[in-house]
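The structure appears below as structure tokens.
Each reported figure results from applying straightforward, stated rules to the coordinates on display, with no laboratory input. All values reported here derive from a predicted model rather than from experimental measurement. All Cβ positions, glycine included, derive from the backbone under ideal geometry; neighbour counts span all protein chains shown.
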């Protein structure tokens, strides 16, 4: 493929809020203003033209691109200089002829699930415009969902997922999103630099493009032929009745055999994930809490992590070991696990004031960051024409087999436009 010899810096889209927002009541329950504004031009925070003539890719703004700032959606890094080197995954894409078209917006510091950002802007969900785009990889999901209407259009995008930050926006925006096995894709040049939960992965409008993206990101990824017969384990969870009905209907449309599966430590793993991400994000970003740059929601979440004790972290790690073994054992019985991506439909933009309630959107996704298993969100839609997602979880390291199994479950007419 022909290499492009020059780079063009086109438009920087970072914004600053006009006024700081006052907090009232319990600060831990504050997430966003009552009616945040989402805009069509907020999917990208920086546009560029870098690399070859291959597939067009957007990169989340927590991933380094040499010569461009990595601001992670935060005014705290408004004056950041250009990165010295490409992140390893960016270099891999460039080496394979991909064309990097921009850096995508995100929830500040990748520490939120709504995608609402009062500084860099909130990307409008193209398919469900009154709903949150989801976070933290909001811009990456929105850019893919926009299809040919995107500015610029993309073939796939990269996000990161520490507690659902790929799978949640994928479900919110009606696209595919893969959280890879922990450690599969290098995090060199990804922020925060140290995380025992975070994974880089792709968004796309089709499962085939997810597989293509993975092969470009990771030379060891070899797509598998879809299995003729698979058996899935349907994880017993409590979700909104409309979500449950949508998932059951999706499974009923297939010829896939299913059995019920219990994961007794799922709820404990969710809590462990909150403890681990809290401790790791405090270590990475705690020094920012006394400065003026942070949004209120992220500042309060960080401050809430100051008191995480060594004993609490050790208990979370013990839970990690137990839950990982439970998932491994379950996957000895079936080819993949199935459960909803989200327990409820995504809230409207003006329904996000209760941060604890919003955080529960991660109830079914966060545990698999703790265990390290790959997890793929497939787009579904409820009878009320609202977004939902089917989450498929596979064996650790078997990302290609997970995608092959997903071919047996994809909706009859996935939207690729």
Arranged by the count of other C-beta atoms within 10 angstrom, fewest first, what order do 224, 319, 173 take?
-> 224, 319, 173
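Could you put 137, 120, 258 in order, starting from the residue whose Cβ has the fewest other Cβ atoms within 10 Å?
Numbers: 137 34, 120 28, 258 16.
Ranking 137, 120, 258 by Cβ neighbours within 10 Å, fewest first, gives 258, 120, 137.
Using a/c under 1.5 as the rounded threshold, could you call the stretch 31-217 rounded, prolate or oblate? The axes a ≥ b ≥ c are square roots of the C-alpha gyration tensor eigenvalues, and prolate needs a/b larger than b/c, oblate otherwise. Don't skip to the end; give the middle numbers.
Values: a/c = 1.36, a/b = 1.19, b/c = 1.14.
It is rounded, given that a/c, with a ≥ b ≥ c, falls under 1.5.
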Which whole-number percent gives the relative contact order of the chain, counting Cα pairs below 8 Å spaced six or more residues apart?
-> 20 percent
So for 111, 68, 128, fewest C-beta neighbours within 10 Å to most, what's the order?
-> 128, 68, 111
For the stretch 254-328 and the stretch 58-121, what is the separation of their C-alpha centers, rounded to whole Å?
-> 23 Å
Rounded, prolate or oblate: which fits the stretch 231-406 when a ≥ b ≥ c are the square roots of the eigenvalues of the alpha-carbon gyration tensor, with rounded for a/c under 1.5 and prolate only if a/b beats b/c?
-> oblate
By the gyration tensor of its Cα atoms, with a ≥ b ≥ c the square roots of the eigenvalues, what is the shape of the stretch 305-359: rounded for a/c under 1.5, prolate for a/b over b/c, or oblate?
-> oblate
